[in-house]
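The values are calculated or read from the model by the stated rules, or taken from the named source; none is laboratory data. Everything numeric here is computed off the predicted structure, so don't read it as measured data. Here Cβ is always computed from backbone atoms with ideal geometry, including for glycine, and neighbour counts include all displayed protein chains. These accessible areas exclude ligands, DNA and RNA; they are computed on the full protein's heavy atoms, side chains included. Shrake-Rupley method; radii C 1.70, N 1.55, O 1.52, S 1.80 Å.
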Amino acid sequence: MELLDITLREGEQRSGYTYTTEQKIAVAENLSELGIEYIQLGFPVADSQTKEVCADLDITAKTTGIARAIQKDIDAAADAGVDVIDLFAPTSDLQRSHILGVDREELLSRIDAS
């Protein structure tokens, strides 16, 4: 079993709360020292901080960034320097059709291309 910690990304989803770059680095270092294998640092397309954190980290854990199955998200995560890109796409028919405006085959094609 390998553990993925999402504290640094999920924690910032609380209304009015953000981590400083220094706080993210300190938390990531502590999580790595605890033996966590993967640490999700953020959503690189939505913030520039993930890149700053990656540049200053020296840990054994692998860093990850979340990205939608959209090329600009993937490019932002790769540019941020994370080790792993955590790719996601909506799975409900409502989100797929009303938010993305695509049918199931198109979404699967996008995921495959990503």
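So the values come out like this:
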| quantity | calculated |
| --- | --- |
| Yes/no for Ala80 being under 24 Å from Gln40 (Cβ atoms) and at pLDDT 90 or above | yes |
| Count - residues of the stretch 89-100 that are in a helix (DSSP H, G or I) and either under 19 Å from the mean Cα position of the chain (by Cα) or surrounded by 15 or more Cβ atoms within 10 Å (Cβ to Cβ) (or both) | 2 |
| Residues located in the stretch 28-49, provided they are surrounded by fewer than 19 Cβ atoms within 10 Å (Cβ to Cβ) and more than 16 Å from the chain's Cα centre (by Cα) | Glu29, Asn30, Glu33, Leu34, Gly35 |
| Verdict on Thr64 being under 24 Å from Ala113 (Cβ atoms) and either open to solvent by 30 Å² or more (accessible area, probe 1.4 Å) or out of contact with any Lys or Arg (no Cβ under 8 Å at 6 or more places or on another chain) (or both) | yes |
| Identity of the residue in the stretch 50-61, under 20 Å from Glu33 (Cβ atoms) and of a type in the set (D, E, K, R), that ends up most open to solvent (accessible area, probe 1.4 Å) | Asp58 |
| Every residue from the stretch 67-86 that is open to solvent by less than 10 Å² (accessible area, probe 1.4 Å) and either of a type in the set (Lys, Arg) or under 9 Å from the mean Cα position of the chain (by Cα) (or both) | Ala67, Ala77 |
| Residue list for the stretch 101-114, filter: open to solvent by 60 Å² or more (accessible area, probe 1.4 Å) and part of a helix (DSSP H, G or I) | Arg104, Glu105, Glu106, Leu108, Ser109, Arg110, Ile111, Asp112, Ala113 |
| Residue pairs meeting the criteria (Cβ under 6 Å; at least 6 apart or on separate chains; first touching a residue at least 12 places away in the same chain (Cβ under 8 Å), in the stretch 72-99; second open to solvent by 80 Å² or more (accessible area, probe 1.4 Å) and of a type in the set (D, E, K, R)) | Ala80/Lys51; Asp83/Lys62; Val84/Lys62 |
| Test: residue in the stretch 1-15 that is farther than 18 Å from Ala78 by Cα, aliphatic (A, V, I, L, M), open to solvent by 90 Å² or more (accessible area, probe 1.4 Å) and at pLDDT below 90 | yes |
